[in-house]
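Student: Mind looking over this structure? Questions follow.
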Amino acid sequence: MSSQFELRSARFIAMETMEKVVESGDICVDATMGNGHDTLTLCSLVGENGKVYAFDVQPQAVENTRARLSEAGMLSRAELLLTGHQNMLSYVHEPVKLVLFNLGWLPGGDKSVTTLRETTLPAIKAALSLLMPLGVLSVCIYPGHSEGAAEREMLKGFFSALRPQEYNVLWHTFVNAGDSAPECVLIQRQP
C-alpha cells in the first residue's frame, strides 16, 4: 500500500492535526461551530467518553450543527453553546486536548457577520489557558477580507510574543498563493 502526502490547504492541515492529536475520552473545543463539520469530526474522535464544547453566535450555526450531530447519533457527545467564543471560560472548566478556531464567517451564511479581533483575542487567550500539556490550539485564518486581514496581523503579533518555554507556534502559509490565501497556525503547550 503506498502512502501519499499532499499539501492541500489550511483546513486540511487543521483536519490532519485534529486526527493526530485527539483520542477517545478527550475534551475538545470547537470555538467556531459553523455548520458543524469540525464539531462532528471532533465528536467522532473523542468517542462516547469524551466531550466537545462548540461555540457560535449565530442560531443557524447551532441548528445546523445540532441536525448534523443528531443524524450521526453523536449529539450526546457535544454541548452546543449559542454564545461567543470569548465566553469559553464560563462553560469549559477542565483541561482540553484541542481547541479549534476557523475564523471568518458561517459558510453559506451572512458574510457580514464575521469573527472580530475584539472577541477573537480574548477567546484565543482563554483557549491557551485551557490547554493541557501537549494540547493543541489550531487556528485557520482567512485574510481575504478586511477583518480577516486585521485578525491575521493581530494574531501574528500575539503568537510571536508567546514564550517558547511554554508554547511551540507553527504558522503554515502557502507563500505562492497570495496574501489572501487561508493560513493555519498550530500552537502546542509545552509538557
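Student: Any residue at all in segment 76-96 that's open to solvent by 30 Å² or more (accessible area, probe 1.4 Å), under 22 Å from GLY135 (Cα atoms), at pLDDT 95 or above and touching a Pro at 6+ places or on another chain (Cβ under 7 Å)?
Tutor: Looking through segment 76-96, at least one residue is open to solvent by 30 Å² or more (accessible area, probe 1.4 Å), under 22 Å from GLY135 (Cα atoms), at pLDDT 95 or above and touching a Pro at 6+ places or on another chain (Cβ under 7 Å).
Student: Somewhere in segment 162-180, is a residue in contact (Cβ under 8 Å) with a residue 24 or more places away in the chain, open to solvent by 30 Å² or more (accessible area, probe 1.4 Å), of a type outside the set (A, V, I, L, M, F, W, C) and in contact with a Gly (Cβ under 7 Å, 6 or more places away or on another chain)?
Tutor: yes
Student: Follow-up question, since we're still on this one. Of all residues being within 24 Å of LYS125 (Cβ to Cβ) and in a helix (DSSP H, G or I) in segment 63-98, which is nearest to the chain's Cα centre (by Cα)? Just the residue, please. Please lay out each step first, then the result.
Tutor: As a first pass, look at segment 63-98 and keep what is within 24 Å of LYS125 (Cβ to Cβ): 78-98.
From what's left, in a helix (DSSP H, G or I): 85-90.
Details: HIS85: 10, GLN86: 13, ASN87: 15, MET88: 13, LEU89: 15, SER90: 18 Å.
So the residue we want is HIS85.
Student: Provide a single number: the residues in segment 7-39 that are assigned to a helix (DSSP H, G or I) and of a type outside the set (Ser, Thr, Tyr).
Tutor: Residues in segment 7-39 being assigned to a helix (DSSP H, G or I) and of a type outside the set (Ser, Thr, Tyr): 13 in total.
Student: If you don't mind, another one. Considering segment 26-68 alone, what residues qualify as being out of contact with any helix residue (DSSP H, G or I) (no Cβ under 8 Å at 6 or more places or on another chain), modelled with pLDDT of 95 or more and open to solvent by less than 20 Å² (accessible area, probe 1.4 Å)?
Tutor: Within segment 26-68, just VAL62 meets the criteria.
Student: Residue pairs, Cβ under 6 Å, 6 or more apart or interchain, first in segment 128-149 and open to solvent by less than 10 Å² (accessible area, probe 1.4 Å) and at pLDDT 90 or above, second of a type in the set (Gly, Ala, Ser) and not in a strand (DSSP E or B). List them.
Tutor: If the second residue must be of a type in the set (Gly, Ala, Ser) and not in a strand (DSSP E or B), the pairs left are LEU137/ALA127; SER138/ALA14; CYS140/ALA10; CYS140/ALA14.
Student: May I ask you to list the residues in segment 3-25 that are open to solvent by 50 Å² or more (accessible area, probe 1.4 Å) and of a type outside the set (A, V, I, L, M, F, W, C)?
Tutor: SER3, GLN4, GLU6, ARG8, ARG11, GLU16, GLU19, LYS20, GLU23, SER24
Student: Which numbered condition in (1) under 22 Å from MET15 (Cβ atoms); (2) modelled with pLDDT under 95; (3) in a helix (DSSP H, G or I) is the only one that GLY109 fails?
Tutor: (3)
The values are calculated or read from the model by the stated rules, or taken from the named source; none is laboratory data. The model shown is predicted, which means the values in this text are computed figures rather than measured ones. Because the Cβ atoms are built from the backbone with ideal geometry, glycine has one as well, and the counts that use them run over all protein chains shown. For the accessible areas, the whole protein counts, side chains as well, though only heavy atoms, and no ligand, DNA or RNA atoms are used. Shrake-Rupley method; radii C 1.70, N 1.55, O 1.52, S 1.80 Å.
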